[in-house]
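Participant: My questions will all concern the structure given below.
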Amino acid sequence: MSRNSLKIAIALTVLAAPALSACGGSSAASDEKVVTVYSADGLKGENGDGWYDQVFKDFEKQTGIKVKYVEGGSGEMVQRALREKNNPQADVLVTLPPFIQQADSKGLLQKYAPKGAAQVGSADKASDGTWTAVVNNYFGFVYNKKELPKAPTTWEELLDGSYKNKLQYSTPGVAGDGTAVLIKALHDFGGEQQAMEFLGKLQANNVGPSASTGKLAPKVDKGELLVANGDVQMNFAQSKDMPNLGIWFPARSGGKPTTFALPYAAGLVTKAPHSENGKKLLDYMLGRTAQGQVSKIGGGFAAREDITATDRNAIELSNLMEGVETFQPDWNDIDKNLTSYIDAWKSATGS
């Protein structure tokens, strides 16, 4: 799937929409049995087997509300919602950080705490109630297990000439996972100057910009690339059909591998055309049934802390994360200074 190419997928199962009001022959927009979701990709399956596919199908069956789905990169979805701010078309917006914070700061989200939000950790929801994580996730990299029987372990290894034109990461500021490369480098290298110096050196091996993170994993699986960025949920799900795909977490030379939470966070759009339906969908996403399906179907981590998954995927994911140090980004700082960080990255890499 592409994090940048817009797709519209209207779920096929639509059950028993209620008859139109006899008065006037049509219902007001707020009463229509439809809800529109703008989302970063990763949760909808290529073959209709993703978490969204199951959740939307079950939600429609339970409520009769049809889900209209629009997909793109996190930054792209926020920009689309921003262009439509005076005439909103979406009801629910789902993006990765720091773009959910960006949407909040631009007034695109209204306060609504879905049922179950109290069970979501404070770091995974807005303090003012404008958004909450619906699927937890972590930033990571992928490598080709066939070409590289042993996974890379450090950032510094990627500077080796064997990775020239065999390494690629999605574009910071455009893709959520591309922005995550920048955030992790800032943390791991201890500041902006050090991070930019390294990324400037890494550019010698980088294939070039990519607006889509989702397109990189297939290239790694085929051996066109040896290493690329991604995220655990998306890549874990992809690995079921991509046997050469392995997940790893870069460390500084001599240090521990690190990552940070990169959840799919959802909010109710300000002046949403079907606000009540949007609330119902958010409630359903955070319900026990949907949250219990996150690892088994979606290959991710439940957002609710009271959900303990024991399925095979959950065990594999737990083993994958063992020994990896998790840090907490300062999202307020990143939201405030993202433009300057992106400009510094462009200057350092000549992008």
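Participant: Of everything in segment 233-262, what is within 19 Å of the chain's Cα centre (by Cα), at pLDDT below 95 and not in a strand (DSSP E or B)? Give them in sequence order.
Facilitator: Listed by number, the residues that qualify are Gln233, Met234, Asn235, Phe236, Ala237, Gln238, Ser239, Lys240, Leu262.
Participant: What number goes with the only condition from (1) in contact with a Leu (Cβ under 9 Å, 6 or more places away or on another chain); (2) surrounded by fewer than 24 Cβ atoms within 10 Å (Cβ to Cβ); (3) at pLDDT below 95 that Lys85 does not pass?
Facilitator: Condition (3) is where Lys85 drops out.
Participant: Which one of these does Gly73 not meet: (1) surrounded by 16 or more Cβ atoms within 10 Å (Cβ to Cβ); (2) closer than 15 Å to Leu93 by Cβ; (3) at pLDDT 85 or above?
Facilitator: Checking Gly73 against (1) surrounded by 16 or more Cβ atoms within 10 Å (Cβ to Cβ); (2) closer than 15 Å to Leu93 by Cβ; (3) at pLDDT 85 or above, the one that fails is (3).
Participant: Report yes if some residue within segment 106-113 is at pLDDT 95 or above and crowded, with 22+ Cβ neighbours inside 10 Å; otherwise report no.
Facilitator: Within segment 106-113, one or more residues are at pLDDT 95 or above and crowded, with 22+ Cβ neighbours inside 10 Å.
Participant: Okay, next question. As an exercise: evaluate His187 against (1) closer than 15 Å to Ala261 by Cα; (2) surrounded by 23 or more Cβ atoms within 10 Å (Cβ to Cβ) and give the number of the one condition it does not meet.
Facilitator: Of everything listed in (1) closer than 15 Å to Ala261 by Cα; (2) surrounded by 23 or more Cβ atoms within 10 Å (Cβ to Cβ), His187 misses just condition (2).
Participant: For segment 159-187, enumerate the residues that are assigned to a helix (DSSP H, G or I) and either at positive phi or under 21 Å from the mean Cα position of the chain (by Cα) (or both).
Facilitator: Listed by number, the residues that qualify are Gly176, Asp177, Gly178, Thr179, Ala180, Val181, Leu182, Ile183, Lys184, Ala185, Leu186, His187.
Participant: Let me ask something else about it. Could you list, in sequence order, all residues of segment 318-350 that are assigned to a strand (DSSP E or B) and of a type outside the set (Val, Ile, Thr)?
Facilitator: Result: Glu325, single match.
Participant: Quick one: what pairs do we get from segment 49-66, first residue assigned to a loop (DSSP other than H, G, I, E, B), second at pLDDT 95 or above and aromatic (Phe, Trp, Tyr), C-beta under 7 Å, 6+ apart or different chains?
Facilitator: Listed by first residue and then by second, the contacts come to Ile65/Phe59.
Participant: Residues in segment 53-102 that are in contact with a helix residue (DSSP H, G or I) (Cβ under 9 Å, 6 or more places away or on another chain) and over 17 Å from Thr213 (Cβ atoms): how many?
Facilitator: 23
The values are calculated or read from the model by the stated rules, or taken from the named source; none is laboratory data. These numbers were taken from a predicted model, which means no experiment stands behind them. Neighbour counts are summed over all protein chains in view; Cβ atoms, including those assigned to glycine, are modelled from backbone coordinates with ideal geometry.
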